[in-house]
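To keep things clear, I will list the structure first and then write my remarks on it.
The values are calculated or read from the model by the stated rules, or taken from the named source; none is laboratory data. Note that the structure is predicted; figures quoted are calculated from it, not measured. Cβ: placed from backbone, ideal geometry, glycine included. Neighbour counts: every protein chain shown. Calculation scope for accessible area: heavy atoms of the full protein, side chains included, ligands and nucleic acids excluded. Shrake-Rupley method; radii C 1.70, N 1.55, O 1.52, S 1.80 Å.
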Amino acid sequence: MSTSTATHSTSAHSTVAQASKALRLALIIGGLLAIGFGIAVLLWPAKTAVAITGVLAFYAIIAGVVYASIGFLAKSHGTGSRVGHVLLGLLYVLAGAYAFASLEQSAAFLAVFITVMIGVMWIIEGFTALFTLGESGAKGVTIVFAIISVLAGVSLLSTPVWGAGFLWWLLGISLIVLGALNVFRAMSARD
(Lines give C-alpha, C1' and ligand atoms only; values in the text may rest on other atoms or scores of the structure.)
Protein backbone atom coordinates (compact mmCIF):
# COMPACT_ATOMS: atom_id res chain seq x y z
CA MET A 1 0.00 0.00 0.00
CA SER A 2 1.33 3.38 -0.93
CA THR A 3 1.96 6.16 1.59
CA SER A 4 -0.70 8.42 0.04
CA THR A 5 -3.35 5.67 0.25
CA ALA A 6 -2.51 5.00 3.90
CA THR A 7 -2.60 8.72 4.70
CA HIS A 8 -5.96 9.11 2.92
CA SER A 9 -7.38 6.10 4.79
CA THR A 10 -6.16 7.43 8.15
CA SER A 11 -7.54 10.89 7.35
CA ALA A 12 -10.94 9.49 6.39
CA HIS A 13 -11.04 7.37 9.57
CA SER A 14 -10.11 10.41 11.64
CA THR A 15 -12.90 12.46 10.04
CA VAL A 16 -15.45 9.72 10.70
CA ALA A 17 -14.27 9.43 14.32
CA GLN A 18 -14.59 13.21 14.79
CA ALA A 19 -18.08 13.20 13.28
CA SER A 20 -19.04 10.30 15.53
CA LYS A 21 -17.78 12.14 18.62
CA ALA A 22 -19.63 15.31 17.58
CA LEU A 23 -22.84 13.31 17.06
CA ARG A 24 -22.49 11.68 20.47
CA LEU A 25 -21.88 15.05 22.09
CA ALA A 26 -24.95 16.49 20.35
CA LEU A 27 -27.06 13.53 21.53
CA ILE A 28 -25.82 13.97 25.11
CA ILE A 29 -26.43 17.72 25.15
CA GLY A 30 -29.83 17.37 23.46
CA GLY A 31 -30.78 14.54 25.79
CA LEU A 32 -29.78 16.46 28.90
CA LEU A 33 -31.68 19.54 27.69
CA ALA A 34 -34.75 17.39 27.04
CA ILE A 35 -34.48 15.84 30.52
CA GLY A 36 -34.13 19.27 32.10
CA PHE A 37 -37.07 20.69 30.19
CA GLY A 38 -39.16 17.58 30.98
CA ILE A 39 -38.43 17.97 34.68
CA ALA A 40 -39.34 21.67 34.50
CA VAL A 41 -42.63 20.79 32.76
CA LEU A 42 -43.52 18.29 35.50
CA LEU A 43 -42.33 20.26 38.53
CA TRP A 44 -43.27 23.79 37.46
CA PRO A 45 -45.90 23.37 34.73
CA ALA A 46 -47.37 26.87 34.94
CA LYS A 47 -44.01 28.65 35.13
CA THR A 48 -42.66 26.61 32.21
CA ALA A 49 -45.74 27.38 30.11
CA VAL A 50 -45.39 31.08 30.92
CA ALA A 51 -41.69 30.98 29.99
CA ILE A 52 -42.47 29.33 26.65
CA THR A 53 -45.18 31.89 26.01
CA GLY A 54 -42.64 34.64 26.74
CA VAL A 55 -40.25 33.16 24.20
CA LEU A 56 -43.04 32.96 21.61
CA ALA A 57 -44.08 36.56 22.37
CA PHE A 58 -40.49 37.73 21.93
CA TYR A 59 -40.28 35.83 18.63
CA ALA A 60 -43.55 37.43 17.47
CA ILE A 61 -42.23 40.92 18.19
CA ILE A 62 -38.95 40.27 16.37
CA ALA A 63 -40.80 38.73 13.41
CA GLY A 64 -43.13 41.74 13.37
CA VAL A 65 -40.24 44.17 13.24
CA VAL A 66 -38.68 42.17 10.40
CA TYR A 67 -41.94 42.09 8.40
CA ALA A 68 -42.57 45.80 8.93
CA SER A 69 -38.98 46.59 7.94
CA ILE A 70 -39.40 44.62 4.73
CA GLY A 71 -42.54 46.60 3.99
CA PHE A 72 -40.83 49.93 4.58
CA LEU A 73 -37.47 49.15 2.99
CA ALA A 74 -38.23 46.83 0.05
CA LYS A 75 -38.53 49.42 -2.70
CA SER A 76 -38.63 46.73 -5.40
CA HIS A 77 -41.87 45.24 -4.00
CA GLY A 78 -45.25 46.41 -5.16
CA THR A 79 -47.53 48.56 -3.02
CA GLY A 80 -49.74 45.61 -2.03
CA SER A 81 -46.75 43.55 -0.92
CA ARG A 82 -45.30 46.42 1.08
CA VAL A 83 -48.61 47.28 2.78
CA GLY A 84 -49.19 43.59 3.50
CA HIS A 85 -45.76 43.23 5.09
CA VAL A 86 -46.29 46.31 7.26
CA LEU A 87 -49.75 45.14 8.38
CA LEU A 88 -48.48 41.65 9.11
CA GLY A 89 -45.58 43.16 11.05
CA LEU A 90 -47.93 45.29 13.12
CA LEU A 91 -50.13 42.25 13.89
CA TYR A 92 -47.11 40.26 15.03
CA VAL A 93 -45.88 43.12 17.24
CA LEU A 94 -49.35 43.65 18.73
CA ALA A 95 -49.79 39.91 19.40
CA GLY A 96 -46.35 39.69 21.01
CA ALA A 97 -46.91 42.81 23.10
CA TYR A 98 -50.32 41.55 24.25
CA ALA A 99 -48.83 38.18 25.16
CA PHE A 100 -46.09 39.92 27.20
CA ALA A 101 -48.67 42.12 28.94
CA SER A 102 -50.59 39.07 30.17
CA LEU A 103 -48.22 36.10 30.03
CA GLU A 104 -50.27 33.80 32.30
CA GLN A 105 -53.54 34.35 30.44
CA SER A 106 -51.76 34.03 27.09
CA ALA A 107 -50.14 30.76 28.23
CA ALA A 108 -53.53 29.39 29.29
CA PHE A 109 -55.12 30.46 26.00
CA LEU A 110 -52.24 28.96 24.02
CA ALA A 111 -52.54 25.66 25.88
CA VAL A 112 -56.28 25.40 25.28
CA PHE A 113 -55.93 26.54 21.65
CA ILE A 114 -53.26 23.91 20.92
CA THR A 115 -55.34 21.25 22.68
CA VAL A 116 -58.39 22.10 20.58
CA MET A 117 -56.31 22.03 17.41
CA ILE A 118 -54.87 18.62 18.33
CA GLY A 119 -58.38 17.35 19.08
CA VAL A 120 -59.63 18.53 15.69
CA MET A 121 -56.60 17.00 13.94
CA TRP A 122 -57.15 13.65 15.67
CA ILE A 123 -60.79 13.60 14.61
CA ILE A 124 -59.89 14.44 11.01
CA GLU A 125 -57.09 11.87 11.08
CA GLY A 126 -59.53 9.21 12.28
CA PHE A 127 -62.04 9.94 9.53
CA THR A 128 -59.25 10.13 6.96
CA ALA A 129 -58.11 6.67 8.03
CA LEU A 130 -61.69 5.41 7.52
CA PHE A 131 -61.84 7.01 4.07
CA THR A 132 -58.67 5.17 3.07
CA LEU A 133 -59.91 1.84 4.43
CA GLY A 134 -60.20 0.36 0.94
CA GLU A 135 -56.49 0.98 0.34
CA SER A 136 -55.41 -0.49 3.68
CA GLY A 137 -53.79 -3.89 3.96
CA ALA A 138 -54.74 -4.08 7.65
CA LYS A 139 -58.40 -3.09 7.76
CA GLY A 140 -58.92 -4.12 11.39
CA VAL A 141 -55.97 -2.09 12.64
CA THR A 142 -57.09 0.87 10.54
CA ILE A 143 -60.61 0.73 12.00
CA VAL A 144 -59.27 0.49 15.57
CA PHE A 145 -56.88 3.39 14.89
CA ALA A 146 -59.71 5.49 13.42
CA ILE A 147 -62.04 4.84 16.38
CA ILE A 148 -59.34 5.62 18.95
CA SER A 149 -58.28 8.74 17.06
CA VAL A 150 -61.84 10.10 16.83
CA LEU A 151 -62.60 9.28 20.47
CA ALA A 152 -59.34 10.88 21.65
CA GLY A 153 -60.11 13.98 19.58
CA VAL A 154 -63.65 14.24 20.93
CA SER A 155 -62.40 13.82 24.51
CA LEU A 156 -59.90 16.66 24.02
CA LEU A 157 -62.59 18.90 22.56
CA SER A 158 -65.07 18.09 25.33
CA THR A 159 -62.60 18.95 28.11
CA PRO A 160 -59.87 21.15 26.60
CA VAL A 161 -58.50 22.39 29.94
CA TRP A 162 -58.09 18.85 31.27
CA GLY A 163 -56.75 17.78 27.88
CA ALA A 164 -54.18 20.58 27.92
CA GLY A 165 -52.99 19.45 31.36
CA PHE A 166 -52.80 15.84 30.23
CA LEU A 167 -50.88 16.71 27.04
CA TRP A 168 -48.48 18.92 29.05
CA TRP A 169 -47.88 16.08 31.54
CA LEU A 170 -47.37 13.62 28.68
CA LEU A 171 -44.89 16.04 27.05
CA GLY A 172 -42.87 16.26 30.28
CA ILE A 173 -42.67 12.49 30.71
CA SER A 174 -41.85 11.96 27.03
CA LEU A 175 -39.03 14.52 27.16
CA ILE A 176 -37.48 12.86 30.21
CA VAL A 177 -37.71 9.35 28.75
CA LEU A 178 -36.54 10.29 25.25
CA GLY A 179 -33.77 12.51 26.63
CA ALA A 180 -32.51 9.72 28.89
CA LEU A 181 -32.59 7.28 25.97
CA ASN A 182 -30.56 9.67 23.80
CA VAL A 183 -27.96 10.12 26.56
CA PHE A 184 -27.78 6.33 27.00
CA ARG A 185 -27.46 5.81 23.23
CA ALA A 186 -24.66 8.35 23.02
CA MET A 187 -22.74 6.96 25.97
CA SER A 188 -23.03 3.35 24.78
CA ALA A 189 -22.10 4.06 21.16
CA ARG A 190 -18.92 2.57 19.80
CA ASP A 191 -16.30 4.46 17.86
Handout entry: Average silhouette area of the range 1-141, convex hull of alpha-carbon atoms, in square nanometres
Key = 18.8
Problem - Computed [θ] at 222 nm, deg cm²/dmol, the chain (DSSP H ≥ 4; -39,500 (n - 2.57); rounded to nearest 500) - result: -32000 deg cm²/dmol
Fill in the blank from the handout: For Leu90 and Arg185, extending 7 Å from Cα along the Cα-Cβ vector and measuring point to point gives, in nm, a value of 4.8
Problem - the range 55-191, dipole about Cα centre (Lys/Arg Cβ +1, Asp/Glu Cβ -1), debye to the nearest 20 - result: 280
Exercise for the section: For the chain, report the accessible area per residue in Å² (1.4 Å probe, heavy atoms, rounded to an integer). Expected result: 66
Exercise for the section: Report the full-extension gain for the segment Val83 to Ile29: residue separation times 0.36 nm, less the Cα-Cα distance, to one decimal in nm. Expected result: 15.1 nm
Completion exercise
FRET efficiency (Ser136, Thr159; Cβ distance; R0 30 Å; to 0.05) is 0.45
Handout entry: Pairwise label distance in nanometres, Ile143 with Lys21, each label 7 Å out on the Cα-Cβ vector
Key = 5.8
Handout entry: Gain upon complete extension [Ile173, Glu104; 0.36 nm per residue less C-alpha separation]
Key = 22.6 nm
Fill in the blank from the handout: In whole Hz, the Karplus estimates of ³J(HN,Hα) for the range 122-139 (6.51, -1.76, 1.60; θ = phi - 60°; x where Gly or Pro) are 5, 5, 4, 4, x, 5, 4, 4, 5, 5, 9, 4, x, 8, 7, x, 10, 4
Completion exercise
If each part is reduced to its alpha-carbon centroid, the range 37-56 and the range 124-191 end up apart, in Å, by 22
Practice task
Kindly rank 27-35, 124-132 from highest to lowest mean number of other beta carbons found within 10 Å of each residue.
Solution key: 27-35, 124-132
Completion exercise
Whole-percent carbon and sulfur contribution to the accessible surface of the chain (1.4 Å, no ligands, DNA or RNA) stands at 77
Problem - Potential extension, Phe166-Ser76 segment - 0.36 nm per residue separation minus Cα distance - result: 27.5 nm
